[in-house]
1. I'd like the full set of residues that are of a type outside the set (A, V, I, L, M, F, W, C) and either modelled with pLDDT of 95 or more or over 11 Å from Y35 (Cα atoms) (or both), limited to the range 110-139.
2. Identify all residues within the range 98-139 that are out of contact with any Lys or Arg (no Cβ under 9 Å at 6 or more places or on another chain) and of a type in the set (F, W, Y); write none if there are none.
3. Got a number for residues in the range 94-125 being polar (S, T, N, Q) and within 15 Å of T43 (Cα to Cα)?
4. With exposed (fewer than 13 other Cβ atoms within 10 Å of the Cβ), among the β-branched types (V, I, T) and either free of Cβ contacts under 8 Å to residues at least 60 places away in the same chain or not in a loop (DSSP other than H, G, I, E, B) (or both) as the only criterion, which of T115, T59, T137, T78 stands out?
5. For residues in the range 87-101 being under 12 Å from the mean Cα position of the chain (by Cα) and part of a strand (DSSP E or B), which is surrounded by the fewest Cβ atoms within 10 Å (Cβ to Cβ)?
6. Within the bounds of the range 27-44, is there any residue that is surrounded by 13 or more Cβ atoms within 10 Å (Cβ to Cβ), modelled with pLDDT under 90 and in contact with a helix residue (DSSP H, G or I) (Cβ under 8 Å, 6 or more places away or on another chain)?
7. Mind counting the residues in the range 102-112 that are among the aliphatic types (A, V, I, L, M) and outside any loop (DSSP other than H, G, I, E, B)?
Amino acid sequence: MKQNIVLPSLLLMLIIIMSGCVVQKATSKGRCDGYKVLRNETTGTLSDEASQGMIYGVTLESQGVIVPYMDVVVLDSTGKQVTGITSGSFGEYKIQLEPGTYQVKFNRVGYCMITLKDIIVSKGEIRELIVIVPEQTTH
């Protein structure tokens, strides 16, 4: 039986942060160190009839504090923008996409802009991306 997955609870996010696991490095512009992808994996499925997949997650800063209102932009393999949203007040975002391979860009004033490459979205699957986005330094 397939199950629907909702955004992880704050407790689960804290456990993941405390574990310190790094799944993937991201690319960044500017003086930015310490960015990490804490989670990049399929965590559930949509209904059997779903023709699309989904990415969802939260944006955090290096101390594990939620970063609200982060721009999350999805690009296709050629770099053309497919869609984009702004994360919510708890840093959460959810985007339904056609199956394919994408780049996902995270950006907000005062924080490093990072781009995750080769994010695979499969039909009927939910991919969770939990990202640590450090504050941008000026020195």
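1. Start the filter on the range 110-139 by keeping residues that are of a type outside the set (A, V, I, L, M, F, W, C), which leaves 110-111, 115, 117-118, 122-125, 127-128, 134-139.
Selection gives G110, K117, D118, S122, K123, G124, E125, R127, E128, T137, T138, H139.
2. F106, Y111
3. Of all residues in the range 94-125, those polar (S, T, N, Q) come to 96, 101, 103, 107, 115, 122.
Narrowing further to those that are within 15 Å of T43 (Cα to Cα): 96, 122.
Here the count works out to 2.
4. Details: T115 fails: exposed (fewer than 13 other Cβ atoms within 10 Å of the Cβ); T59 fails: exposed (fewer than 13 other Cβ atoms within 10 Å of the Cβ); T137 fails: either free of Cβ contacts under 8 Å to residues at least 60 places away in the same chain or not in a loop (DSSP other than H, G, I, E, B) (or both).
None of the others qualify; the one that does is T78.
5. To start, the set of residues in the range 87-101 that are under 12 Å from the mean Cα position of the chain (by Cα) comprises 87, 91-95.
Keeping just the survivors that are part of a strand (DSSP E or B) gives 92-95.
Details: E92: 17, Y93: 22, K94: 15, I95: 22.
Here the answer is K94.
6. Yes, that holds for at least one residue.
7. Taking the range 102-112 as the starting set, the residues that turn out to be among the aliphatic types (A, V, I, L, M) are 104, 109.
Right, trim to outside any loop (DSSP other than H, G, I, E, B) and you get 104.
Qualifying residue count, the range 102-112: 1.
Condition check ((1) charged (D, E, K, R); (2) under 18 Å from G64 (Cα atoms)) across all residues:
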{"position": "G100", "(1), (2)": "no, no"}
{"position": "K105", "(1), (2)": "yes, no"}
{"position": "G110", "(1), (2)": "no, yes"}
{"position": "M113", "(1), (2)": "no, yes"}
{"position": "K123", "(1), (2)": "yes, no"}
{"position": "I126", "(1), (2)": "no, no"}
{"position": "L129", "(1), (2)": "no, yes"}
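The values are calculated or read from the model by the stated rules, or taken from the named source; none is laboratory data. Since this is a predicted model, take the numbers as computed values, not measurements. Positions of Cβ are generated from backbone atoms using ideal geometry, with glycine treated the same way; all protein chains shown enter the neighbour counts.
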